[in-house]
Amino acid sequence: MILEIFEDGLFAAIAAIGFAAISRPPKRAYLFCALLAAAGHSLRFIIMSADVSGESHIIVATTLASFAVGALAVFFSPVAKVPAETCLFPALLPMIPGVYAYKSFGGVAMCLLSSGQAGYQYYFYQFSYNGMMCMFILVGMVLGATVPIFLFKKISFQATRYR
């Protein structure tokens with residue numbers, strides 16, 4: 001289990017560095033982007049693995065992990081001397097629910113191409129289920145990531161000021 005957690009965090013860190021490179025932050029921010037992504041994705045993996053009901057509640061796990069990443073970004077931003085968002089957004093991108101979005105669009109395409117009512121209903125169900133899962137995961141990510149910025153406003157907005 002520990003190896004799986006480490007592997008999950010490592011791949012999330014690599015992805016976060018790639019996403020961060022697109023927006024070209026200062027070089028000192030890359031390490032923090034990687035650490036935040038690894039911590040957040042690993043936390044989500046742990047929460048989903050600890051679920052005893054057999055159903056992985058990816059929405060709750062992603063919201064809690066996003067809150068943790070947001071809080072860590074606020075507290076690490078003065079150390080990195082960059083705004084919290086500089087490290088926060090690339091760290092969250094590996095948690096975007098791409099599979100649910102892909103299945104949702106696949107469902108709507110098959111829904112439009114189906115000829116019978118039974119096929120239409122099945123694909124509409126696939127579209128609506130996956131679309132709602134994607135939407136609620138994204139809403140959880142947004143809420144989880146932005147609440148710490150507003151809770152710790154004083155720390156968050158003083159991150160780039162030199163003392």
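Every number here is computed from the coordinates shown, using simple stated rules; none is lab data. Source: prediction; values computed, not measured. Here the Cβ positions follow ideal geometry from the backbone for every residue, glycine too, while neighbour counts run over all protein chains shown.
Every residue, every condition in (1) closer than 18 Å to Ile149 by Cα; (2) in a helix (DSSP H, G or I); (3) out of contact with any His (no Cβ under 9 Å at 6 or more places or on another chain), yes or no:
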{"residue": "Phe19", "(1), (2), (3)": "no, yes, yes"}
{"residue": "Pro25", "(1), (2), (3)": "no, no, yes"}
{"residue": "Arg28", "(1), (2), (3)": "no, yes, yes"}
{"residue": "Leu31", "(1), (2), (3)": "no, yes, yes"}
{"residue": "Phe67", "(1), (2), (3)": "yes, yes, yes"}
{"residue": "Leu72", "(1), (2), (3)": "yes, yes, yes"}
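Looking at Gly119, is it closer than 24 Å to Ile14 by Cα and either without any contact (Cβ under 8 Å) to a residue 24 or more places away in the chain or of a type in the set (Lys, Arg) (or both)? Lay out the reasoning, then the answer.
Details: closer than 24 Å to Ile14 by Cα: no; either without any contact (Cβ under 8 Å) to a residue 24 or more places away in the chain or of a type in the set (Lys, Arg) (or both): yes.
No: the conditions fail for Gly119.
A search for C-beta distances below 8 Å between a residue of the range 86-98 that is on the phi < 0 side of the Ramachandran plot and any residue that is in a helix (DSSP H, G or I) and among the aromatic types (Phe, Trp, Tyr), counting only pairs 6+ apart in sequence or on different chains, returns Cys87/Phe32; Cys87/Phe76; Phe89/Phe19; Pro90/Phe19; Leu93/Phe19; Pro94/Phe11; Pro94/Phe19.
Taking the conditions exactly as written (touching a Lys or Arg at 6+ places or on another chain (Cβ under 8 Å), assigned to a helix (DSSP H, G or I) and among the β-branched types (Val, Ile, Thr)), does Thr62 satisfy them or not? Considered against the rule, which asks whether it is touching a Lys or Arg at 6+ places or on another chain (Cβ under 8 Å), assigned to a helix (DSSP H, G or I) and among the β-branched types (Val, Ile, Thr), Thr62 comes out as yes. Taking the condition of being closer than 13 Å to Met133 by Cβ and surrounded by fewer than 18 Cβ atoms within 10 Å (Cβ to Cβ), how many residues in the range 81-102 meet it? Count: 5. In the range 33-53, of all residues being assigned to a helix (DSSP H, G or I) and small (Gly, Ala, Ser), the one that is surrounded by the fewest Cβ atoms within 10 Å (Cβ to Cβ) corresponds to Ser49.
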